[in-house]
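Coordinate-derived values only; no laboratory data. If you're wondering where the values come from, they're calculated on a predicted model, not measured in any experiment. Cβ coordinates were reconstructed from backbone atoms using ideal geometry, including for glycine residues, and neighbour counts include every protein chain displayed.
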């Protein structure tokens, strides 16, 4: 089933990106799924937000017979030139090393995904290494981004190509039978790029959205925040549009994930978000193609300070509060398992009539 005509993918222009529109999820199906939950022999809203989230997935898929059995995590891997400024504990060599582990299913997300029956799809969208890695999908746009302290991280063409690469990934995954996808990433320095993008998008102080990443000292955190603040001022990003913000201080991994979010909305595939990197991509996607956020499923809050502001802006409520900061898509994979558990009650539901119990009555209906 084709979700969009493919010739657009080869153009990679701001104008073609601006033409993309999404339809809202099916409100009637949402109400039907929500009603079905009320017939299950349990207290009204007994499974809380999981009832709302599964109704959201049904509305996205366009059916009350929800199916999320075929799962995959799209893991965008890329390097960031800003690491030259000593804003992280590790160098770019770690991006490559972890990507190789992902290819062999040895990283954290690979082990967790195997347990819940999900596939992992590591994508080299911009790692600073010329060789192809077996088990990694080669979609390299450049050998990492530039140091945004000195100039824009990407060109407009590179940025838009990365976005459309993410869209294409969702298109291909749907063609291959996947019915729910998660966002993952790997790239040393990407809490710096995501903090810069978030601060510019939200128009807030850099200190409100910039954390320690993989564990910076107070001194290095202050240095990181200073570089971000100076760059936002230098490029006047608080007056810029989302695409310009992304190309100036973002990363190829974030751009790719922005496309994954948009692709989910175009192809009617639910996209489970991970932490702060993918939430930043989600807000970019919503600003670039309004309505995208209705196709996104939150997973966890995460440790980075930007998360709270991002989820509030997106109107999403993560259900896992584990203070995690692992990345790779690990929180989204945890959410896969929780959704499966909730759906086990919905799909093989025991009704009040089955149990010979009088059905509870709902007094306020939700949408």
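Once the Cα atoms are used to define both axes, helix 218-234 deviates from the longest principal axis of the chain by about 80 degrees. The slack in the chain from residue 205 to residue 35, taken as 0.36 nm per residue of separation less the alpha-carbon distance, amounts to 56.9 nm.
Using Cα atoms only, what is the angle between the long axis of helix 190-202 and the major principal axis of the chain, expressed in degrees (0 to 90) to the nearest 10? On a 0 to 90 degree scale, this one is about 70. Here the spin labels are modelled as points 7 Å beyond Cα on the Cα-Cβ line, and at residue 358 and residue 138 they lie 7.0 nm apart. In this entry, the stretch 115-187 is assigned a mean projected area of 6.1 nm², taken as a quarter of its C-alpha convex hull surface.
If you run the Gaussian network model on the chain, springs between alpha carbon atoms under 10 Å, then out of 109, 29, 94 the most flexible one is 94. Length gained on full extension, residue 340 to residue 241, computed as 0.36 nm times the residue gap minus the Cα-Cα distance: 31.9 nm. Note on residue 15 and residue 351: their simple-model spin labels are 5.6 nm apart, each label 7 Å out from Cα toward Cβ. Here the relative contact order of the stretch 200-275, from alpha carbon pairs under 8 Å that lie six or more residues apart, stands at 27 percent. For the chain, with a Gaussian network of springs between Cα atoms less than 10 Å apart, report the residue from 39, 183, 193 with the top mean-square fluctuation. Among 39, 183, 193, the largest mean-square fluctuation in the Gaussian network model of the chain belongs to 39.
The residues 31, 174, 224, 238, when put in order of fewest to most other Cβ atoms within 10 Å, stand as 238, 31, 174, 224. The fewest-to-most ranking of 88, 337, 142 by surrounding Cβ atoms within 10 Å reads 337, 142, 88. Computed over the Cα atoms of the stretch 258-302, the ratio of the radius of gyration to the Kirkwood radius (Rg/Rh) comes to 0.93.
The relative contact order of the stretch 107-200, computed from alpha carbon pairs under 8 Å that lie at least 6 residues apart in sequence, is 16 percent. Working from Cα pairs under 8 Å separated by at least six residues, relative contact order for the stretch 71-341 is 24 percent. Between 268, 212, 349, the Gaussian network model of the chain with springs among Cα atoms under 10 angstrom shows the greatest mean-square fluctuation at 349.
Of the residues 186, 169, 76, the one with the fewest other Cβ atoms within 10 Å heads the list, and the complete ranking is 169, 186, 76. Rounded, prolate or oblate: which fits the stretch 60-163 when a ≥ b ≥ c are the square roots of the eigenvalues of the alpha-carbon gyration tensor, with rounded for a/c under 1.5 and prolate only if a/b beats b/c? Prolate, because a/c is 1.5 or more and a/b exceeds b/c. Relative to the longest principal axis of the Cα atoms of the chain, the long axis of helix 276-288 makes an angle of roughly 90 degrees. Listed options for semi-axes √(5λ) of the Cα gyration tensor in Å are (1) 30, 27, 20; (2) 33, 24, 19; (3) 35, 21, 20. The value calculated from this structure is the one marked (3).
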